[in-house]
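Take a look at the structure set out below.
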């Protein structure tokens, strides 16, 4: 992929991803107004159980397909691409259908045991219907990344999100669910419809793409070996981590009840943090995630060709950009956390959580890029090992602290966990790529520029009146972002303005 094509695709993917994140935030805002913080807590718990099955069905497949197709292209063997991807499809379908059947059969006991609400079982069953579609879409995503056609994935994702939101609004309007469980069922049914539509759109794009990128139908060798080497470690590690994450999410309301909160209050507190504040915190990362996904085939290709200097340059550029980006939004959330809470959820409490968690935003966003770079460097096992250790420690800390210190202790756990994971992952990446970062240039300078830009943006908008908090929040972010880029460029700290040899 040429540098120009990389940035064009990355920009398009970023714009689409940003639009979808805005839509998703609006969707969550709509849900929170219809079902409240308690309903958002149940919604998030149901998805926590479902995400464990998603991990088992999809984890590692996209990376395996990307790596194997990229290797075939680098070796000049495009004729084996069809066979390679088809075998991955067969693997995905067999695994996902099996897990969907188990989820359908075990939905009621799972709802009783883990959610303490048997009425939530239909939600798990209807989500299970979407598992095969999600698994096959993951496989196609890996292929599109390898052949530099990620825009096809973005189009399918856009269709999925639009249909999910539209169907949810229709279900609420047409059936007017009265209970929290019925409202969650409507949202889950809409999600499954969105997954099916995304698969159909992706499949059509995939069939057209094969005529351009995969001439011939020669059988490829080593597919099983590739799946075993790449996907299997990812699947096992991700499954273990997902199991721990699910356990953590289920433990939080239970431990809050032991702290002294009633069931409704504990679910509401959980919904405020995980269902409302955390999605806001991750919202800007959509600007990074698209470029980060494109880094996997790019750095993998350079690694396959033995271009160490190119690997080091890509790594340095990506890390410095991620740090600058994360530091800027940490400043935004610190100064305007309450404004963001009012803008998306009409909730000062959600905004307060955002302000408190702002200091770890740079590390969270940095980890998005580090994870992609490690996967491209064939370091996925180490990445998963660190993630598993992080999740295990979090579960232990939740069990030990939450019942005594409440939600404040969970915020402390998030700080410790983020620092622990980021330190291990970053250390490994710097070691394998032989890259060194500069504290003054890559941390202190963006910190000064970010703080100055956000405060100046707030000052410039201070005398204006706005029609709503959302308009004010977005305008402040855009104005402050422009000031931040200008300050960073003027001081020589803009990573995108630096030459490779600098």
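So, residue 136, is that one crowded, with 24+ Cβ neighbours inside 10 Å and part of a helix (DSSP H, G or I) or not? Before the answer, list the steps.
Numbers: crowded, with 24+ Cβ neighbours inside 10 Å: yes; part of a helix (DSSP H, G or I): yes.
So residue 136 fits the description; yes.
In segment 175-190, the residues that are more than 15 Å from residue 107 (Cα to Cα) form Cβ pairs under 6 Å with partners that are modelled with pLDDT under 80 and not in a helix (DSSP H, G or I), at six or more places apart or across chains, as follows: 183/177; 186/177. A single member of 310, 330 is under 19 Å from the mean Cα position of the chain (by Cα) and assigned to a helix (DSSP H, G or I), and it is 330. Please verify whether residue 259 is buried (at least 20 other Cβ atoms within 10 Å of the Cβ) and out of contact with any strand residue (DSSP E or B) (no Cβ under 6 Å at 6 or more places or on another chain), treating the condition exactly as stated. No: the conditions fail for residue 259.
All of 90, 110 fail the test of being assigned to a helix (DSSP H, G or I) and farther than 30 Å from residue 181 by Cα, apart from 90. Kindly evaluate residue 41 against the criterion of being touching a residue at least 12 places away in the same chain (Cβ under 8 Å), outside any loop (DSSP other than H, G, I, E, B) and either in contact with a strand residue (DSSP E or B) (Cβ under 6 Å, 6 or more places away or on another chain) or on the phi > 0 side of the Ramachandran plot (or both). Taking the combined requirement at face value, the residue does not satisfy it.
Of all residues in segment 442-470, those satisfying the criterion of being touching a residue at least 60 places away in the same chain (Cβ under 8 Å), surrounded by fewer than 20 Cβ atoms within 10 Å (Cβ to Cβ) and farther than 30 Å from residue 388 by Cβ are 447, 451, 455, 458, 468, 469, 470. Number of residues in segment 54-78 that are farther than 15 Å from residue 144 by Cα and at pLDDT 80 or above equals 1. Within segment 451-498, the residues that satisfy the criterion of being outside any helix (DSSP H, G or I) and more than 25 Å from residue 363 (Cα to Cα) are 462, 463, 464, 465, 466, 467, 468. Scanning segment 412-433 for residues being surrounded by fewer than 16 Cβ atoms within 10 Å (Cβ to Cβ) and either in contact with a helix residue (DSSP H, G or I) (Cβ under 6 Å, 6 or more places away or on another chain) or closer than 23 Å to residue 270 by Cα (or both) gives a total of 4.
Out of all the residues in segment 315-324, which are more than 15 Å from residue 287 (Cα to Cα) and surrounded by fewer than 22 Cβ atoms within 10 Å (Cβ to Cβ)? Result: 316, 317. From the list 97, 80, 85, the one residue that fits, being surrounded by fewer than 21 Cβ atoms within 10 Å (Cβ to Cβ), out of contact with any strand residue (DSSP E or B) (no Cβ under 8 Å at 6 or more places or on another chain), farther than 21 Å from residue 119 by Cα and touching a residue at least 24 places away in the same chain (Cβ under 8 Å), is 97.
Is there a residue in segment 387-408 that is within 30 Å of residue 310 (Cβ to Cβ) and in a helix (DSSP H, G or I)? For segment 387-408, residues within 30 Å of residue 310 (Cβ to Cβ) and in a helix (DSSP H, G or I): present. Does residue 145 satisfy the criteria of being at pLDDT 90 or above and either under 20 Å from residue 98 (Cβ atoms) or buried (at least 23 other Cβ atoms within 10 Å of the Cβ) (or both)? For residue 145, the condition - at pLDDT 90 or above and either under 20 Å from residue 98 (Cβ atoms) or buried (at least 23 other Cβ atoms within 10 Å of the Cβ) (or both) - is not met.
What about residue 210, is it in contact (Cβ under 8 Å) with a residue 60 or more places away in the chain and surrounded by fewer than 19 Cβ atoms within 10 Å (Cβ to Cβ)? When the stated conditions are applied, residue 210 passes them. Assessment of segment 369-383 against the conditions (at positive phi and either more than 17 Å from the chain's Cα centre (by Cα) or at pLDDT 90 or above (or both)) yields at least one matching residue. Just one of the listed residues (131, 159, 163, 145) is closer than 27 Å to residue 208 by Cβ and without any contact (Cβ under 8 Å) to a residue 40 or more places away in the chain, namely 163. Total residues in segment 385-399 satisfying the condition of being without any contact (Cβ under 8 Å) to a residue 24 or more places away in the chain and touching a helix residue (DSSP H, G or I) at 6+ places or on another chain (Cβ under 7 Å): the figure is 1. Name, by its number, the condition in (1) in contact with a helix residue (DSSP H, G or I) (Cβ under 6 Å, 6 or more places away or on another chain); (2) assigned to a helix (DSSP H, G or I); (3) within 30 Å of residue 312 (Cβ to Cβ) that does not hold for residue 448. Unmet for residue 448, out of (1) in contact with a helix residue (DSSP H, G or I) (Cβ under 6 Å, 6 or more places away or on another chain); (2) assigned to a helix (DSSP H, G or I); (3) within 30 Å of residue 312 (Cβ to Cβ): (1).
The values are calculated or read from the model by the stated rules, or taken from the named source; none is laboratory data. Being a predicted model, the structure only gives us computed values, none of them experimental. Cβ sites come from the backbone with ideal geometry, for glycine too, and all protein chains shown count toward neighbours.
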